[in-house]
1. Report the label-to-label distance for B:S325 and B:R138 in nanometres (one decimal), using points 7 Å from each Cα along the Cα→Cβ vector.
2. Above 31 angstrom, tally the Cα pairs of the range B:26-206 and express them as a % of all pairs, no decimals.
3. If you take each beta carbon of peptide A:140-153 and count the beta carbons of other chains within 10 angstrom, what is the mean?
4. Given axes a ≥ b ≥ c from the Cα gyration tensor, I'd like to know whether the range B:141-218 is rounded (a/c under 1.5), prolate (a/b larger than b/c) or oblate.
5. Please give the length that would be gained between B:R41 and B:D282 if that part of the chain were fully extended, namely 0.36 nm times their separation in residues minus their C-alpha to C-alpha distance (nm, one decimal).
6. For the pairs B:K258/B:K281; B:K252/B:K288; B:K288/B:K324; B:K59/B:K176, flag any whose C-alpha to C-alpha distance is greater than 20 Å.
7. Just to confirm a number: summing +1 for Lys and Arg and -1 for Asp and Glu over residues other than B:A42 whose beta-carbon lies under 15 angstrom from that of B:A42, what do you get?
8. Report the net charge of residues surrounding B:I153, where surrounding means a beta-carbon distance below 9 angstrom and charges are Lys +1, Arg +1, Asp -1, Glu -1.
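Each reported figure results from applying straightforward, stated rules to the coordinates on display, with no laboratory input. As the structure is a computational prediction, the values presented were derived from the model and not from experiment. Every residue, glycine as well, gets a Cβ built from its backbone with ideal geometry; the counts of neighbours run over all protein chains shown.
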Amino acid sequence: MVDAEMTEHISALMDSELSELERARVLKALARDRDLRETWERYHIIRAALNEDLGPVSSTDLGARIAERIGQFPSPELKGGVHRWKPAMRWAGNLALAASVAAVAILSVQWFVSSEPSWTPQQVASARLRQADIQRRGLRWDTRQPEVARQLNMYLVEHNEFMPTSGMNGVMSYGRFVSYDNGP
Amino acid sequence: MRYAGFSLFPILAATLLLSPGTGLAASTAATAYDWLMKMNRATRELNYDGTFVFQQGQKLEAMRIIHWADKGSVKERLVSLNGTAREIIRDDQQVMCYLPDRKSVVVEHRLARGKSFPVILPKRLEQLQKHYEMQLGRMPARVTGRDTQVVVILPRDSYRYGYRLWADKESGLLLKADLIDQMGSTLEQFMFTQVNIGVTIDPQELEPDVSTDNMAWYWGKRIEQGTVTLFKGWSVGQVPSGFVLSNKLMRKNPRRNKPVEHLVYSDGLAAVSIFIEKFDKDGGTAMKGQSSMGAVHAFGDVINDHQITVVGEVPAATVELIGKSVRARP
């Protein structure tokens, strides 16, 4: 885990609150330390998540918003390295972060520096696909066997009892059950 | 040339200067945790009556919730406002599911230790922080006309989901929640559209509206430890880092009237259940492989004539990893 002082620095870096010297030091550390880069990436995602609550509360597909944002902000500083990416990889990499141009840039650094990026493009792509699946199917088990669906519902009710996050998932989960879609 | 990308840094530094404020601070994890506890307390201590929507993809469901709490005791009624008027009424002892479309009432006895509703109770902040990044929003946000505090919890790996939570500043009650994946994409949303907090609840409001005439009743119950030895020889070989066995019990399946072993693994925020029961080769339908409902995933397999089912509000990879590691001991 990244130590508290360094996370403070990363946060300050994102807020542009560091002196030039400190900034250089943090950027150097980011290039060196994979854990630190992961923290940095998460902070960007969190920032995107936090900023989104300023917008309308209605439908929210952060992924789409992020993609949209990338469209608005071409990142010229990627030029040097783009040839190393296949187009699909670039797309996936962009989706992964993209809260700001800087974030994309730092992510791209990671692709060069480390042979083991924290998220592989495949992971990112499959995460997106899973989400698309989730949205298409709606509130029913994706099985053609009604007996299996009924049993899974029963298990879900039994499982809910032990969910530690009753305040949030509790309502969500039981809600899922109450509104379970019986339609074809 | 390990640091081939290093030359980017001067440009990067320039870009950073143009970045907007993050609205987050590294030291807020502890405060975020305090807010989680506050939300949790609100569920256990407050009366409320409201309408919320639950959104998943294109689906939007409206539900009414009536929640009564007194001295650690809780009773809650959840009614679907669209389609079939299904209801769930739960208290410290049982969960009753009224399903008029199936002409049935399913009753599950609550088997969890302690009388109150399950609470968040993440073991300890440090432990939780190993698997989640927690941040507090600085920006003001309003939900259903009330001021809220935003808390974002992002998983550090792909074996669990994260949350974006909006808690009522005054009472701590959770007013809106997004279930998010590791990339911050919203998978599901829950949001109050109207809520009265701290109101008096008429006991009549906690009774079902649906008539139970002509409904079939199914009762589940706990089987005391030691009375059944059927499933003693099972082991779970692999769980994602941070998940530990939090409950282990035998229960009777209310639909099939058969004993089921139920194991619960939790990392403090996410939970996964493993159900093991004898597979009925003549009349049963085996569940094999992946299945999902929204963000809830299940994985099934039949091993040694037993149906193994793993269920949880976790990514598909998690239920599969656990499900594939369940073994019958020789």
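1. 4.0
2. 18
3. 6
4. Note, shape of the range B:141-218 comes out oblate.
5. Once the chain is fully extended between B:R41 and B:D282, it gains 81.9 nm.
6. B:K252/B:K288
7. -2
8. Every neighbour counted, the sum reads 0.
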